[in-house]
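Undergrad: Pasting a structure below so you can have a look.
Each value in this text was obtained by applying a stated rule to the coordinates, not by laboratory testing. Remember, it's a predicted structure, so these values are computed and weren't measured experimentally. Counting neighbours? That spans all protein chains shown, and the Cβs are built from the backbone with ideal geometry, glycine included.
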Amino acid sequence: MTGRFMTRRTATATAATSLTGAALAACALPGAGGRANVAAQPTVGPATVTFTHWWAPPAAFGVAMDQALQSWAAKGSPVKVDSQVINANDSFTKYTNMLAGGTPPDLAMIQPFYFAPLHARGGWVDVSALARRDEREVKLGDFYPEPLVRVTRDGKLHGLPTDINVTVLLYNKNLLDSGGAKVPDDSLTWDGLLDAARALTRGEGADRQWGMVAPTDWEPVVWANGGEVLNKEENLCLLDQPAAYEAVQWLADLRHRHRVAPLQADLQAQDAQTQFLAGKIALLPWQSGVLGTFKGHNPSFAWGVALPPKGRRVRSGYLRGGNLGIMNGSRQVEAAWQVMKHLNTPEVHALWANPGTLMPPRKSVAESGAFLQPPPPLDLRKTVDAIAAARTPHFIPEYVEMTDIVNKTLAPAWNTGAPAAREACQEAKRQVDQLLAPRRK
């Protein structure tokens, strides 16, 4: 990249999230010697498990959920499932109120950033012992370790991941060819991406063709530049450090200095995904979760998926995805566990992949034809490869409040170009440090 971003020689140590060790502990749940089924499964009598989620038809993953629940019913189990569709955007408030009122669902789907705040409120049942008991069925070793970070606290497993959503780079091959740009490969850097975006940006007004989009997921760009959002103890903000604020400035410069990425106003009529599908954006750093939508639209141009660009020293991206957990207060823990196990079998994860178009967290499914067999010529292998470069953000109990602070303080720099990123990041640090002060006591 031009300027100091991605070219700084002073190294900033990358702080691993405090959950990494916990994820490894979760993977080791079977115990010494790999023994499993340490206790016999109890017989479950007739019961009804309330299950709240937002995977509903006609969305592809909603069709997959219907098929998964139908396959459970076909087993003839005495456990019935009361499937209740809720609004994902309201889930945190809804679950918080239900916990407080003593009426939580038995089994709940939850976004990764809400898992820790609900855990802090005593929201999740520890299923570590159940997973050890049923290891031959659960097979935690078949899960990618990274998604297990999301559902592990203090070495204890509190749920299972449903899918993986990682940072990838989508590209319009037709626009690249017409602009003389190469198809992105594994050597691409953020500097190289900017150079390509300059060459691919052309036209004015309604005919404007954008070289790229400024990533809405900004933290991986900070990480790739050697910066961090929080320290290792997750009680101090580090956005005031050069490696962090230079990355934020680089993102702002994409819009305001280089003019290779649309402003917020340019996305009002059509968002970035819609403009990409319309052939108006050449390079789209985004989340892999959109692949199903894009495949469903069957774009009229050749397109593909690449790894996110490399930073100053590393390649980095987000790792997200949904989770399932049994909520504290459930009177049907064993029954809910049986349903949750079913929704995490390889057979059901194959449904998440097809027709669900999501990347399953089980390696045996994600690396099989169930997920990797897309309509030609699209190759989804790079989506799986991107897992190795992905990191889970700082999903601490204060995550929601922290991101609200950071987004509000950095928004002017991104949207208008002022104030400078350094000043905005210093203010973000001041407010986040105040929020996290109790964690330093």
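Undergrad: Can you list the lysines whose alpha carbon is less than 19 Å from that of LYS382, not counting same-chain residues fewer than 8 positions off?
TA: Those lysines meeting the cut-off are LYS173, LYS182, LYS295, LYS310, LYS363.
Undergrad: Please arrange HIS256, HIS53, HIS349, HIS297 by how many other C-beta atoms lie within 10 Å of their C-beta, fewest to most.
TA: In increasing order of surrounding Cβ atoms, one gets HIS297, HIS256, HIS53, HIS349.
Undergrad: Let me ask something additional. Quickly rank 237-247, 132-142 as a protection proxy: mean count of other C-beta atoms within 10 Å, highest first.
TA: Packing order, densest peptide first, comes out as 237-247, 132-142.
Undergrad: For the range 72-206, with only Lys/Arg (+1) and Asp/Glu (-1) charged at the beta-carbon, what is the dipole magnitude about the Cα centre, in debye rounded to 20?
TA: 380 debye
Undergrad: Taking neighbour counts of Cβ atoms within 10 Å as a proxy for exposure, in what order, fewest first, do LEU435, LEU118 appear?
TA: Taking fewest neighbouring Cβ atoms as first place, the list is LEU435, LEU118.
Undergrad: I need GLU228, GLU233 ordered by Cβ neighbour count within 10 Å, fewest first.
TA: In order of increasing Cβ crowding within 10 Å: GLU233, GLU228.
Undergrad: So what's the chain giving for Rg/Rh, alpha carbon basis, Kirkwood Rh from the mean inverse pair distance?
TA: Rounded to two decimals, Rg/Rh equals 0.98.
Undergrad: So which lysines pass the test for LYS156, namely a Cα distance under 21 Å, with those fewer than 8 places away in the same chain ruled out?
TA: Hits, sequence-local ones excluded: LYS139, LYS232, LYS341.
Undergrad: Peptides 396-408, 323-335, 210-222: what's the order by average Cβ count within 10 Å, highest mean first?
TA: Highest-to-lowest ranking by the protection proxy: 210-222, 323-335, 396-408.
Undergrad: Only four residue types carry charge here, +1 at the Cβ of Lys and Arg and -1 at the Cβ of Asp and Glu. Report the dipole size of the chain about the Cα centre in Debye, rounded to the nearest 20.
TA: With only Lys, Arg, Asp and Glu charged at Cβ, the dipole is about 620 debye.
Undergrad: Report Rg(Cα)/(2.2 N^0.38 Å) for the range 81-221, keeping two decimals.
TA: Normalised by 2.2 N^0.38 Å, the Cα Rg of the range 81-221 equals 1.53.
Undergrad: Which order, highest average first, do 265-272, 45-52 follow once you tally other Cβ atoms within 10 Å for each residue and take the mean per peptide?
TA: 45-52, 265-272
Undergrad: Add -39500 (n - 2.57) for each DSSP H run of 4 or more in the chain, then divide by its residues: what number comes out at 222 nm, to the nearest 500 deg cm²/dmol?
TA: One gets -11000 deg cm²/dmol as the mean residue ellipticity at 222 nm.
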